[in-house]
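Accompanying notes for the structure given below.
The values are calculated or read from the model by the stated rules, or taken from the named source; none is laboratory data. Every value quoted in this text rests on a predicted model; they were computed, and no experiment measured them. Note that each Cβ is placed from the backbone with ideal geometry, even for glycine, and that neighbours are counted across all protein chains shown.
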Amino acid sequence: MATQTQPQIRVKSYFATSIPDAINLARRELGANALLLNSRQAPPEARHLGPLEVVFGNDSEPEKVEHVATAPPPPPPATPGIDDLRQNIEKIWNLLRTTVGSPRADGRRRLVEQVLIDAGLTPELAADIDECVTARVNRNPVADIPGPRRLFDPDVVVRETMDEIKKRFPAKPGIGKVTALAGPPGVGKTTTLVKLAMREGLMKGRSVRLVSTDAQRIAASEQLRIYAAILGVPFQSAESMSALAQAVETTPANTLLLIDTPGLSPALFDGPGSELAAFFRNRQDIDVHLVLTASTGRIDLERAADRFAAFRPSATIFTKLDETDSLGAIFCEAIRSGTPVSYFCDGQLIPENIAAATADRITESLVRQLPSLLQSAA
């Protein structure tokens with residue numbers, strides 16, 4: 001009788017109360033070289049066998065296949081068994097990459113997603129980021145995994161999560177030579193305008209001129225007039241579109257012109273709001289920034305941004321960051337609208353409480369709870 005050896009890979013699940021107990025069981029049955037491939041909570045139908053399901057793999061003993069003596073054996077290949085062995089080794093590496101290397105399968109299952117949902121992200125966006133983080137982590141060499149008790153590196157997961165968030169957040173600081181601020185009532189447009197006059201104008205040695213188009217509130221322009229007097233810059237009140245156009249056209253080329261607009265509630269959009277929006281849409285030389293508050297809920301941010309889309313803003317400024325613990329709503333709105341974020345404001349001080357928007361501040365807020373949870377899961 002002739003025999004032919006066929007290498008095989010044995011994969012078996014063990015149910016136990018702890019991973020060390022499962023390792024002992026696997027080594028007794030599969031041998032000392034049993035390789036831990038995956039661990040997870042046991043499914044409900046198998047909980048009576050143990051709370052944990054741990055999967056191991058190992059080469060099995062060669063299987064002997066007998067051939068009838070009267071039939072001549074087929075000619076052996078040039079490299080017998082090499083192709084099968086190569087395929088089996090590749091299967092093991094694929095298992096390692098998709099199970100042991102994947103933080104989703106080893107105890108941090110959906111942790112990134114859950115942390116981001118808790119931080120204010122939509123479930124869909126949180127799940128998408130979680131999937132991308134898993135793919136990022138899986139690119140790390142399997143050799144970097146310390147052992148079966150520590151199947152992922154929390155520092156790697158945190159770093160990859162932060163990188164994924166940063167690359168998605170559209171930050172674009174800066175304003176045009178003629179810039180208008182638009183937004184709902186009470187978001188801090190006038191104070192933000194004065195901060196920009198200081199930061200982007202006077203502190204850089206540029207001439208500044210302030211214009212108010214707010215004819216809706218009693219003495220609304222007076223606040224900006226007082227600020228202009230304090231700063232020592234020209235001020236003009238433009239109560240019509242023709243007056244506003246004249247103010248833009250007569251501003252010297254080397255002067256920063258900042259335009260304040262009235263706070264427009266939904267009820268005002270059909271009247272003065274639509275006229276003002278049409279004016280800005282037709283003026284390519286005016287850079288419109290939408291001003292919204294970071295403490296506003298995600299749904300209300302979406303509604304406000306959709307209303308002011310008629311102004312065709314080139315960027316968004318978020319104010320009152322000091323009044324909220326989570327910046328998830330900001331992140332979601334920036335991703336949803338695709339509009340870059342230019343500045344963050346976090347207080348009333350002029351000009352201290354304004355800063356160029358960066359992805360770092362958003363990222364740090366969103367992943368604040370992630371390191372401790374990952375350490376616990378590891």
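Here are some notes:
- Failed criterion for residue 311 (all others in (1) in contact with a Ser or Thr (Cβ under 7 Å, 6 or more places away or on another chain); (2) under 25 Å from residue 242 (Cβ atoms) hold): (1)
- Some residue of the range 306-316 being assigned to a strand (DSSP E or B) and surrounded by 17 or more Cβ atoms within 10 Å (Cβ to Cβ): yes
- Restricting 284, 375 to residues that are polar (S, T, N, Q), surrounded by fewer than 21 Cβ atoms within 10 Å (Cβ to Cβ) and part of a helix (DSSP H, G or I) narrows the list to 375.
- Meets criteria (modelled with pLDDT of 95 or more and under 27 Å from residue 120 (Cβ atoms)) for residue 315: yes
- Check on residue 351, in contact with a helix residue (DSSP H, G or I) (Cβ under 7 Å, 6 or more places away or on another chain), of a type outside the set (D, E, K, R) and on the phi < 0 side of the Ramachandran plot: yes
- Scope the range 234-247; condition within 11 Å of residue 178 (Cβ to Cβ) and touching a strand residue (DSSP E or B) at 6+ places or on another chain (Cβ under 6 Å); matching residues: 247
- Any hit, the range 227-248, residues being closer than 22 Å to residue 357 by Cβ and in contact (Cβ under 8 Å) with a residue 40 or more places away in the chain: no
- Total residues in the range 119-134, condition of a type in the set (Asp, Glu) and either crowded, with 17+ Cβ neighbours inside 10 Å or at pLDDT below 90 (or both): 2
- Condition met for residue 107 (modelled with pLDDT under 85, surrounded by fewer than 20 Cβ atoms within 10 Å (Cβ to Cβ) and either touching a Lys or Arg at 6+ places or on another chain (Cβ under 8 Å) or within 29 Å of residue 329 (Cα to Cα) (or both)): yes
- For residue 300, the conditions (1) part of a helix (DSSP H, G or I); (2) crowded, with 16+ Cβ neighbours inside 10 Å all hold with the exception of (2).
- Qualifying residue in the range 263-272 (condition: among the small types (Gly, Ala, Ser), closer than 23 Å to residue 223 by Cα and buried (at least 18 other Cβ atoms within 10 Å of the Cβ)): yes
- Screening 142, 137 for residues that are modelled with pLDDT under 90, of a type in the set (Val, Ile, Thr) and surrounded by fewer than 18 Cβ atoms within 10 Å (Cβ to Cβ) leaves exactly one candidate, 142.
- Residue within the range 247-254 that is farther than 18 Å from residue 311 by Cα, β-branched (Val, Ile, Thr) and not in a helix (DSSP H, G or I) present: yes
- Residue in the range 321-335 that is buried (at least 21 other Cβ atoms within 10 Å of the Cβ) and within 18 Å of residue 179 (Cα to Cα) present: no
- When the residues of the range 182-219 are filtered to those that are in a strand (DSSP E or B) and out of contact with any Ser or Thr (no Cβ under 6 Å at 6 or more places or on another chain), the one that is surrounded by the fewest Cβ atoms within 10 Å (Cβ to Cβ) is 208.
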